[in-house]
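Worksheet: the structure to be examined is printed underneath.
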Amino acid sequence: MLVRIIGGHGGVAPGFRATSYLIDGKLLIDAGSVASGILIDEQVLIDHILISHAHLDHISDLAFISDNCFGLKAKPFQVYSNQKVKDAIKTHLMNDVIWPDFSKLPNEQRPTMSFNVIVPEKELQLAEYKIIPVTVNHPLGGMGFIVEKKNTSVLFTQDTGPTDRIWEMAHAIKNLKAIFTEVSFPNNLQDVARISQHHTPASMKEEIKKMPGDIPIFLGHLKPNFQTILYKEIEEINSDGRITLLGSDDTSYVF
Ligand SMILES: [Zn+2]
Ligand SMILES: [Zn+2]
């Protein structure tokens, strides 16, 4: 399984792209930078898009990828999220005011983008991928995803504060090869992290105790303005070298 971090940050600035992880060039998790971060020729090849939650840094490029690929795809992009997130995207983003509703364009029979509702802990089979969505601790029922292909599983929490259920499930996965989760704010902003349901290095240090051991951990969603201090504070909890920070966008990992 090839995981390409198109964008791995919790914000946007020159050199920092918002969250979009692309698996094998076909399955996308979150649409924060997919339109600006890869070629349109590559965007057209994406079949399925999992959306963790409705914050703008995870959905903004649904708008632009629809526009870029309009008329170029044989089949619509299939977008998957929980009901609340689907409703939010259709009400607030693709509402024919902020942006056209590409689920009706060029027509409702053959649209550019189709929206599908998925249910936490109900398994989903998309081509060769078995996916289990799991609710985490983030607004609007934010979800993480456990993605399995052949004998390899990779866990993605996406945005979350301290959470439990996805780690309980992780312990039961025998072929888990990597954990992608987040750290957004430095330790002196622990209150901000708690209120906004995100992690600091200090809260991540506690969170790691809930995870299955010896699995590599990749931390993304660093806020661009705190990149330097987050590097320093993560180093302090990474004595065993288990953590990789997603500090640079457009990096790839094979599992
Ligand atoms: Zn985010
Ligand atoms: Zn968020």
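The values are calculated or read from the model by the stated rules, or taken from the named source; none is laboratory data. Worth saying up front: this structure is predicted, and the values here are computed from it rather than measured. Glycine also receives a Cβ, built like all others from the backbone with ideal geometry; neighbour counts cover every protein chain displayed.
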Restricting to the stretch 101-141, name every residue that is part of a loop (DSSP other than H, G, I, E, B), of a type in the set (S, T, N, Q) and more than 16 Å from ligand 1 (Cβ to nearest atom).
103, 107, 109, 112
Pick out the one residue from 172, 193 that is surrounded by fewer than 18 Cβ atoms within 10 Å (Cβ to Cβ), more than 21 Å from residue 24 (Cβ to Cβ) and of a type in the set (Gly, Ala, Ser).
172
Take the residues of the stretch 149-169 that are surrounded by 14 or more Cβ atoms within 10 Å (Cβ to Cβ) and away from ligand 2 (no atom under 16 Å from the Cβ): which is farthest from residue 254 (Cα to Cα)?
165
Of 246, 222, the only residue that is in contact (Cβ under 8 Å) with a residue 40 or more places away in the chain, in contact with a His (Cβ under 7 Å, 6 or more places away or on another chain) and surrounded by 21 or more Cβ atoms within 10 Å (Cβ to Cβ) is 222
Qualifying residue in the stretch 75-93 (condition: under 17 Å from residue 246 (Cα atoms) and either at pLDDT below 95 or within 14 Å of ligand 1 (Cβ to nearest atom) (or both)):
no
Options 185, 145, 115; residue that is of a type in the set (Phe, Trp, Tyr) and over 29 Å from residue 46 (Cβ atoms):
185
Please go through the stretch 63-98 and give me each residue that is within 23 Å of residue 140 (Cα to Cα) and buried (at least 17 other Cβ atoms within 10 Å of the Cβ), ordered by number.
63, 77, 79, 80, 81, 82, 85, 86, 88, 89, 93, 94
Could you list all residues from the stretch 35-59 that are within 16 Å of ligand 2 (Cβ to nearest atom) and either in a loop (DSSP other than H, G, I, E, B) or surrounded by 20 or more Cβ atoms within 10 Å (Cβ to Cβ) (or both)?
50, 51, 52, 53, 54, 55, 57, 58, 59
Out of (1) out of contact with any Asp or Glu (no Cβ under 9 Å at 6 or more places or on another chain); (2) among the hydroxyl-bearing types (Ser, Thr, Tyr); (3) closer than 24 Å to residue 153 by Cα, the one residue 52 does not meet is (1)
I need the full set of residues from the stretch 110-131 which are of a type in the set (A, V, I, L, M) and over 14 Å from the mean Cα position of the chain (by Cα), in order please.
113, 117, 118, 119, 124, 126, 127
